[in-house]
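Just below is one structure, and these are the notes that go with it.
The values are calculated or read from the model by the stated rules, or taken from the named source; none is laboratory data. A quick note: this is a predicted structure, and the numbers were derived from the prediction, not measured. Because the Cβ atoms are built from the backbone with ideal geometry, glycine has one as well, and the counts that use them run over all protein chains shown.
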Amino acid sequence: MLQEESDLALIIAQIVQKLKGSTLYAQLERQAWASLQRPEIKLESLKEDIKEFFKISGWEKKLQNAVYSELNVFPLPSHPAAPPEHLKEPLVYMRKAQGSWEKRILKSLNSMCTELSIPLARKRPVGEQKELLNKWNEMGTDEPDLSLFRPVYAPKDFLEVLINLRNPNYENGDSHSFRTHLGLIQVPLKVKDIPELKEFFVELGLTAGQLGIDDSTQVPPELFENEHVRIGQKVLSEQDSAAAQQYIRQGSPTALRAELWALILNTSSQPEDILYYEQLKTNVIQHDLLVDSLIYKDVKLTASNDDYYFVFEDYLYQVLLCFSRDTSVLGHFAYNSASPPKSYIRGKLGLEEYAVFYPPNGVIPFHGFSMYVAPLCFLYHEPSKLYQIFREMYVRFFFRLHSISSHPSGIVSLCLLFETLLQTYLPQLFYHLREIGAQPLRISFKWMVRAFSGYLATDQLLLLWDRILGYNSLEILAVLAAAVFAFRAVNLMEVTSLAAAEAVLADLSTLKVMPLLQIFLFATVT
Amino acid sequence: MSRVSVPCHVKGTVALQVGDVRTSQGRPGVLVIDVTFPSVAPFELQEIMFKNYYTAFLTIRVRQHTSTHTPAKWVTCLRDYCLMPDPHSEEGAQEYVSLFKHQMLCDMGKVLELRLILRQPSPLWLSFTVEELQIYQQGPKDLGIWLQVSPTLPASGQYAFALQSPSMTFPKWLSHPVPCEQPAPLLEVSPHPG
């Protein structure tokens, strides 16, 4: 049909436009030129021969991986009349809510700035630069006075904003009617129900093998594990992103996980990438940002106190400080409902030519932000690789967990999905918790915002994040949250207060993620 | 296809309700919008574009110019086109939509008037309508097609491009890819004028 062809043409044009600016394009050009010297390239069939050469040498695979990555990350081109804000977030009232939330955060940051009389950014004196360079690998030993700093916001503040989110065109009567939702979220977004989730997560079904279930000691490895590892090695040798994404839906063997994730996220280890990281490091050494102190404070409060992650404290500083200065992250604001905060050079308020984004990457860290990086430290030991993986994970997934949007993987949809699942399949539990004033979302929100990092045992967390990568969606977080409630339902039915409910669900470190998900999705009698 | 906007006059929406009294309890689920073209001769309709605002289904009726002396009749050219797959949820509620000639049930050769019938069966929404309505007719033919792509897909890795002739319908976003700006040096450095 005419319409589909022109849609396809638009998508292809957009991808080509994006890839033209990348290093891959330059590399392909170089390779094509170099290949002219090969004997099998003939002038009369130049195009076909070069294409054949690309296929054999593996460059076509790299191009396919790059295209697949673009399709996964960037939304499809929308209607030509739609303004760029529409691509960020189609619903007007959500855009407004995100805008006012951002204003609040900035106000809080600015007031902290003026209270403590610390500039947002300053150039470090040479002596301090030398000192920092020497201490780069052990920044954790530094004990700056951070008592006056406080995190800009915590997940529970964000939850209050989401609870108050209202659609002005929606019937929000004061009296309870069929229109008001029983949970905390009151916006009518479309969420999947269990039959749709079963179809979406079909590879997690009872008839398919899973790492996390079928690799336990009681199960002989010949049944599933050996074959799965063999397939994983084959996928890695073929270097195919799409195949890796499909493979990882059933879990990734520990030995192959680091490479598989790098393949799916399409990161490369070229010298340019290491150089880029070194440049960011230089930026950190030369300039000091207020945001750095917030990062220090956050790491000290969260990751350093965690039994699993305190050993990686130094890595966290090395990654997060560089992350704040990485302007390539600004690209993701095209499809993120949030916008980077702008500040003006001193004395030039309001003039667009003197506007800069603060922090340079546009992301203001909140309480618990460093927990996004901590689990990755188990997989990657080289700072530049660790940095790249974290950055890719952030611009693909994690940004959705702290911005207001109607996207199916956005935090609002995840909260609504969790509440809907709980109401539909555990109505007695939901009613009981609501009656005692313990709305379930108040307990599970912090799990979802952090993608369960810091709440689950690390091996279980990595199995969960395997599935996030495999399905390119965060909905599994909401399903797991509901599954945890289902698992502890008997205990929860006996509690009589919010504090007691929180106590029942305080410790998730003994939970096994995959059996919970399988039982909730596929084995619960409805 | 290049296209030219046709100036139109959009009359106010009329709600279809049973009975005369407007009760606060019930809300009309059907609205009618008449679109006339006062200063334009009967034209061939190419595209209808609008921004949806919580309308679930759209029906369009058209009245065309006939050469004989019979009075022009209303004909349905689009029946129950679904804009929101689930009328109770937000999906598709504020999307931009384009409807083309080839999607219509009848020939749109000599359009005199259009009538848009909007339906929203869900009682959850306070109001619904369509906004930014624009009608397009065929533009002058000699501008040609701006983009032609070979239909084979990534399987063979072919991205053959032939930019034939420049045209005014070049999409804006192709010239303005996502900006990836370098920030100016922070605070202390004095910027160069101009």
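Values for this structure:
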| read-out | value |
| --- | --- |
| Residue match in segment A:213-231 (condition: charged (D, E, K, R), part of a helix (DSSP H, G or I) and within 27 Å of the chain's Cα centre (by Cα)) | no |
| Single match in B:Met108, B:Met84 (criterion: assigned to a loop (DSSP other than H, G, I, E, B), buried (at least 17 other Cβ atoms within 10 Å of the Cβ) and either more than 14 Å from chain A (Cβ to nearest Cβ) or in contact with a His (Cβ under 8 Å, 6 or more places away or on another chain) (or both)) | B:Met108 |
| Residue list for segment A:195-212, filter: surrounded by 12 or more Cβ atoms within 10 Å (Cβ to Cβ), part of a loop (DSSP other than H, G, I, E, B) and not aromatic (Phe, Trp, Tyr) | A:Gly205, A:Ala208, A:Gly209, A:Gln210, A:Leu211, A:Gly212 |
| Tally of residues being free of Cβ contacts under 8 Å to residues at least 40 places away in the same chain and more than 7 Å from chain A (Cβ to nearest Cβ) across segment B:87-103 | 2 |
| Unmet criterion (only one of (1) outside the structural domain of A:Glu313 (by the TED database); (2) over 18 Å from A:Asp288 (Cα atoms)) for A:Pro151 | (2) |
| Residue within segment A:221-237 that is surrounded by 18 or more Cβ atoms within 10 Å (Cβ to Cβ), among the basic types (Lys, Arg) and closer than 30 Å to A:Arg391 by Cβ present | no |
| Failed item, numbered, when A:Trp101 is tested on (1) modelled with pLDDT under 85; (2) of a type in the set (A, V, I, L, M, F, W, C); (3) buried (at least 18 other Cβ atoms within 10 Å of the Cβ) | (1) |
| Verdict on A:Ala32 being part of a helix (DSSP H, G or I), within 14 Å of another protein chain (Cβ to nearest Cβ) and more than 17 Å from A:Tyr335 (Cβ to Cβ) | yes |
| Segment B:109-121, residues that are under 10 Å from B:His65 (Cα atoms) and among the aliphatic types (A, V, I, L, M) | B:Val111, B:Leu112 |
| Filter pass, A:Glu48 being exposed (fewer than 12 other Cβ atoms within 10 Å of the Cβ), in a helix (DSSP H, G or I), modelled with pLDDT of 85 or more and within 13 Å of chain B (Cβ to nearest Cβ) | yes |
| Single condition A:Leu24 does not satisfy, out of (1) of a type outside the set (Val, Ile, Thr); (2) over 14 Å from A:Glu70 (Cα atoms); (3) surrounded by 12 or more Cβ atoms within 10 Å (Cβ to Cβ) | (2) |
| Within segment A:289-313, tally of residues that are under 16 Å from A:Met112 (Cα atoms) and of a type outside the set (Lys, Arg) | 9 |
| Selection count, segment A:1-29, where residues are hydroxyl-bearing (Ser, Thr, Tyr) and in a loop (DSSP other than H, G, I, E, B) | 1 |
| Criterion: out of contact with any Lys or Arg (no Cβ under 8 Å at 6 or more places or on another chain), more than 13 Å from chain B (Cβ to nearest Cβ) and in a loop (DSSP other than H, G, I, E, B) - qualifying residue of A:Leu184, A:Leu162, A:Leu148 | A:Leu148 |
| Residues that are more than 10 Å from every other protein chain (Cβ to nearest Cβ), of a type outside the set (A, V, I, L, M) and assigned to a helix (DSSP H, G or I), drawn from segment A:71-85 | A:Asn72, A:Glu85 |
| Residue that is nearest to A:Tyr170 (Cα to Cα), among those in segment A:86-125 that are within 11 Å of chain B (Cβ to nearest Cβ) and free of Cβ contacts under 8 Å to residues at least 24 places away in the same chain | A:Val92 |
| Elements of type strands (runs of 3 or more DSSP E) contained in segment B:26-68, each with 3 or more residues being farther than 17 Å from B:Leu118 by Cβ | B:45-53 |
| Odd one out for A:Phe54, checked against (1) of a type outside the set (Gly, Ala, Ser); (2) within 11 Å of chain B (Cβ to nearest Cβ); (3) loosely packed, with under 12 Cβ neighbours inside 10 Å | (3) |
| Qualifying residue in segment A:416-439 (condition: within 30 Å of A:Glu313 (Cα to Cα) and among the polar types (S, T, N, Q)) | no |
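Residues are listed down the side, and each one gets a yes or a no for (1) modelled with pLDDT of 90 or more; (2) farther than 30 Å from A:Leu469 by Cα; (3) surrounded by 18 or more Cβ atoms within 10 Å (Cβ to Cβ); (4) among the charged types (D, E, K, R):
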residue: A:Ile118; (1), (2), (3), (4): no, yes, no, no
residue: A:Leu148; (1), (2), (3), (4): no, yes, no, no
residue: A:Pro155; (1), (2), (3), (4): yes, no, yes, no
residue: A:Asp193; (1), (2), (3), (4): yes, no, no, yes
